[in-house]
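The values are calculated or read from the model by the stated rules, or taken from the named source; none is laboratory data. Computed from a predicted model, the values in this text were never measured in an experiment. So basically every Cβ, Gly included, is an ideal-geometry build from the backbone, and we count neighbours across all protein chains shown.
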Amino acid sequence: MKRLAICLCFIISMVVSGGAIAQNNDTKAVKSNESPVPPMGLESATISKWKNSIEPFVGVWSLEGVVLDDESKEQDTCLGTFMIINTDASYTIFVYMDGGAFITSQGVILVDSSYEYLEVISHHMNKSLVGVSNRIDYKLDADHLEKSFWIEKDKRGHDYKRQVNETWRRAKMPAPGDYDNNPAFPI
């Protein structure tokens, strides 16, 4: 329970420091043919050139489902992997483990179509992905984001060369009374 409470506090602090997650669809611009990889710190200038709204993606997401390990065997995902997508199209993916929370990826999302977007990666624990525009095939509904993308190298720099499929669940505010007797929610 203590771990859950700490995790929730971390998520709240990430959301507050990353900006409000209120939805806003005021920005609609025309897509550019320029490279989507911006120089560091110029992400917002590049985002305004893309016409599709980030609004449906905005929020806090948790990773769920099964992924393949280095030997292509199924393994459970790390419970405690979260993604925060802000209204300025920036995103942060982090993992909460016994040792604390660790950011694994940061960048911006450029929505290309109703089935494809780019993650323009500015920071990643896999150094081969830093500065890369990773093309993501996706399916999105109110509660789930299914992502599919190709990874060439693993975090150790070895050939990985496989498709990665992830399922993310949108975090929601609980209904009144849902957690009245849960010690993880003391306030």
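Some points to look at:
- Every residue from the stretch 89-130 that is over 21 Å from ILE54 (Cα atoms), surrounded by 16 or more Cβ atoms within 10 Å (Cβ to Cβ) and aliphatic (A, V, I, L, M): VAL95, ALA101, LEU129
- Answer residue from the stretch 143-171, given it is closer than 17 Å to PHE82 by Cα and not in a strand (DSSP E or B) and is farthest from the chain's Cα centre (by Cα) among those: ASP143
- Hits in the stretch 92-120 - residues which are under 19 Å from SER62 (Cα atoms), in a strand (DSSP E or B) and out of contact with any Phe, Trp or Tyr (no Cβ under 8 Å at 6 or more places or on another chain): THR92, MET97, GLY100
- Residues within the stretch 72-108 that are in contact with an Asp or Glu (Cβ under 6 Å, 6 or more places away or on another chain) and either acidic (Asp, Glu) or modelled with pLDDT of 85 or more (or both), tallied: 2
- Sub-9 Å Cβ pairs linking a first residue in the stretch 83-108 that is farther than 20 Å from ASP154 by Cβ and touching a residue at least 60 places away in the same chain (Cβ under 8 Å) to a second residue that is basic (Lys, Arg) and surrounded by fewer than 17 Cβ atoms within 10 Å (Cβ to Cβ), at least 6 apart or interchain, are TYR96/ARG3; ASP98/ARG3, ordered by first then second residue.
- Among the residues here, TYR160 qualifies as within 22 Å of GLN106 (Cβ to Cβ) and at pLDDT below 90.
- Boolean, ILE151 is of a type in the set (A, V, I, L, M), at pLDDT below 95 and touching a Phe, Trp or Tyr at 6+ places or on another chain (Cβ under 8 Å): yes
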